[in-house]
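K.L.:
Can you read through this structure? Questions will come right after.
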Amino acid sequence: MDNSGQRQSGDGGADRTTEPEADKPRRPREVGGGILMGRPFGVPVYVSPSWFLVAALITWVFGGQLERVLPELGAARYLVSLFFAVAFYASVLVHELAHTVAALRFKLPVRRIQLQFFGGVSEIEKESETPGREFVLAFVGPLLSLVLSGVFYLGMLVVEPDTVPGVLLAGLMISNLIVAAFNLLPGLPLDGGRMLRAVVWKISGRPMAGTVAAAWTGRALAVAVLVGLPWLTQAGGLGGEPKDFGSVDSLTDALLAAILAAIIWTGAGNSLRMARLRERLPDLRARNLTRRAVPVAADTPLSEALRRANEAGARALVVVDGHGAPTAVVREAAIVGVPEHRRPWVAVSGLAQDIKDGMRVSAELTGEELLDTLRATPATEYLVVEETGEIYGVLSTADVERAFVNAMARTPTA
């Protein structure tokens, strides 16, 4: 879910007053959280600044392994290690693109893909409509990682093992296998958790039951990682040599386990909270949030229009033509910007925003459908109409955002 900040709207009419730049609504800027790398399938891909930290870490660790396997490389081993880090995250991108393609296939909007410290994230803005689609959407990511692992394994068969290509292919095969296995663990926010959610949803018939089960399984998984990963690595249970307690390596493993556990625990909690928030979203009703409006002609002085609104107990103004048809909505921010002594001399037309396609919304909209409609056409105010086309009032984006924030505040975190 992305909340819009300032928005840009149309401003027609040659006789309109010029407003300070700060008062003009703007279209929200696209928040990337990193460096934009491209737009495959129309979805922006960002690389988080934290990626450079993990790329440096991978380069250092893999370079140390290359020194033992291919000592003749010398300092060039770090260049090979950097290539491995980039290739590995390219594999992660393929994993995320699998989720993205499946989401677009199911007509679910994808806001962005972000590559960050621990892998990648595909930000899908809507929930799947059925448990079957949820399962497929979650499974395609690990499936593509397994396919990549198999491709790299086949590549190993045609090159010499003790060469740079052989070592790179072996590393990419193992790393993709680990990515697939880790993501298949049955706890949110991992793909396996979403698959578990889909299964419980299918059995119980309630998506919330699936979310609760997968979220708490994710929290149990976080505890298992926090305790079990350092113990396994210290005992040499992951194929390495046993490590002394308190050594640098054991402390590094403990820190890594703590970071992984925190990410899983937080992600599980966020998934649970968002699911509970969606249960409250139907309370967001356009009809309940709409301000009563008074129709006024375009040349009506602002002071007179406000007088009529006060008498009628209304909080919004709609500009109508000679036939009573609505043509524009007077912006609240523009009204506030006009000093009281000037209001008798300023026509409402100079403070109005033309009603464009998408700015006329039904009074029956609720929940996510309401938020999606407003997000599709950013504006500060919308004309709300009945099914018959009759004017019901004006919906302010600020009122919707305030109601959404209040719904989030009332949503329990556990």
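The values are calculated or read from the model by the stated rules, or taken from the named source; none is laboratory data. Predicted model, so just to flag it, every value in this text is computed and none were measured. Glycine also receives a Cβ, built like all others from the backbone with ideal geometry; neighbour counts cover every protein chain displayed.
K.L.:
For the range 338-393, name all the residues that are hydroxyl-bearing (Ser, Thr, Tyr) and either within 29 Å of Arg276 (Cα to Cα) or in contact with a Cys (Cβ under 9 Å, 6 or more places away or on another chain) (or both).
P.N.:
Across the range 338-393, the qualifying residues are Ser362, Thr366, Thr373, Thr377, Thr380, Tyr382.
K.L.:
Still on this structure, I have one more. If the Cβ limit is 6 Å and pairs must be 6+ apart or interchain, which residue in the range 207-220 that is in the same structural domain as Gly192 (by TED's automatic domain parsing) pairs with which residue that is outside any helix (DSSP H, G or I)?
P.N.:
Ala214/Leu188; Ala215/Leu188; Thr217/Pro186; Thr217/Gly187; Gly218/Gly187; Gly218/Leu188
K.L.:
If you go through the range 140-156 one residue at a time, do you hit one that is among the aliphatic types (A, V, I, L, M), closer than 25 Å to Leu277 by Cβ and at pLDDT 95 or above?
P.N.:
Among the residues of the range 140-156, not one is among the aliphatic types (A, V, I, L, M), closer than 25 Å to Leu277 by Cβ and at pLDDT 95 or above, which makes the answer no.
K.L.:
In addition: Return the pair list, or none, for Cβ contacts closer than 7 Å from residues in the range 298-318 that are of a type in the set (Lys, Arg) to residues that are surrounded by fewer than 15 Cβ atoms within 10 Å (Cβ to Cβ) and in a loop (DSSP other than H, G, I, E, B), at least 6 apart or on different chains.
P.N.:
Partner pairs satisfying both residue conditions: Arg315/Arg292.
K.L.:
Additional query: Please tell me if Leu53 is at pLDDT below 95, under 24 Å from the mean Cα position of the chain (by Cα) and either on the phi < 0 side of the Ramachandran plot or not assigned by TED's automatic domain parsing to the domain that holds Leu256 (or both).
P.N.:
yes
K.L.:
Failed condition for Asp399, given (1) touching a helix residue (DSSP H, G or I) at 6+ places or on another chain (Cβ under 6 Å); (2) free of Cβ contacts under 8 Å to residues at least 60 places away in the same chain, with all others met?
P.N.:
Asp399 satisfies all of (1) touching a helix residue (DSSP H, G or I) at 6+ places or on another chain (Cβ under 6 Å); (2) free of Cβ contacts under 8 Å to residues at least 60 places away in the same chain except (2).
K.L.:
Then there's this: Got a number for residues in the range 125-183 being assigned to a loop (DSSP other than H, G, I, E, B) and more than 27 Å from the chain's Cα centre (by Cα)?
P.N.:
So the count comes out to 7.
K.L.:
When you scan the range 368-377, how many residues do you find that are in contact with a strand residue (DSSP E or B) (Cβ under 8 Å, 6 or more places away or on another chain) and over 14 Å from Asp399 (Cα atoms)?
P.N.:
1
K.L.:
Which numbered condition in (1) part of a helix (DSSP H, G or I); (2) under 39 Å from the mean Cα position of the chain (by Cα) is the only one that Val318 fails?
P.N.:
All conditions are met except number (1).
K.L.:
How many of the residues in the range 191-213 are over 16 Å from Val136 (Cβ atoms) and surrounded by 22 or more Cβ atoms within 10 Å (Cβ to Cβ)?
P.N.:
So the answer is 1.
K.L.:
Being part of a helix (DSSP H, G or I) and touching a residue at least 40 places away in the same chain (Cβ under 8 Å) is the filter; apply it to the range 66-76 and report the residue that is nearest to Gly171 (Cα to Cα).
P.N.:
The qualifying residue nearest to Gly171 (Cα to Cα) is Leu66.
K.L.:
Can we say Asp162 is acidic (Asp, Glu), within 29 Å of Leu53 (Cα to Cα) and at pLDDT 95 or above?
P.N.:
no
Table: residues versus (1) among the acidic types (Asp, Glu); (2) modelled with pLDDT under 95; (3) within 30 Å of the chain's Cα centre (by Cα); (4) not in a strand (DSSP E or B).
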site: Pro282; (1), (2), (3), (4): no, yes, yes, yes
site: His323; (1), (2), (3), (4): no, yes, no, yes
site: Ala333; (1), (2), (3), (4): no, yes, yes, yes
site: Gly358; (1), (2), (3), (4): no, yes, yes, yes
site: Glu364; (1), (2), (3), (4): yes, yes, yes, yes
site: Asp372; (1), (2), (3), (4): yes, yes, yes, yes
site: Ala379; (1), (2), (3), (4): no, yes, yes, yes
site: Thr388; (1), (2), (3), (4): no, yes, no, yes
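K.L.:
Continuing with this model, one more query. Is it fair to say Leu70 is closer than 30 Å to Pro44 by Cα and of a type outside the set (Phe, Trp, Tyr)?
P.N.:
Considered against the rule, which asks whether it is closer than 30 Å to Pro44 by Cα and of a type outside the set (Phe, Trp, Tyr), Leu70 comes out as no.
K.L.:
Now for a separate question. Applying the selection to the range 98-123, what residues are closer than 24 Å to Ala85 by Cβ and in a helix (DSSP H, G or I)?
P.N.:
Ala98, His99, Thr100
K.L.:
Within the group Leu53, Leu57, Leu79, which residue is out of contact with any Lys or Arg (no Cβ under 9 Å at 6 or more places or on another chain), more than 26 Å from Thr163 (Cβ to Cβ) and part of a helix (DSSP H, G or I)?
P.N.:
Step by step, each of Leu53, Leu57, Leu79 is checked, and only Leu53 is out of contact with any Lys or Arg (no Cβ under 9 Å at 6 or more places or on another chain), more than 26 Å from Thr163 (Cβ to Cβ) and part of a helix (DSSP H, G or I).
K.L.:
Taking into account only those residues within the range 60-99 that are polar (S, T, N, Q) and out of contact with any Phe, Trp or Tyr (no Cβ under 6 Å at 6 or more places or on another chain), which is modelled with the highest pLDDT?
P.N.:
In this case the residue turns out to be Ser91.
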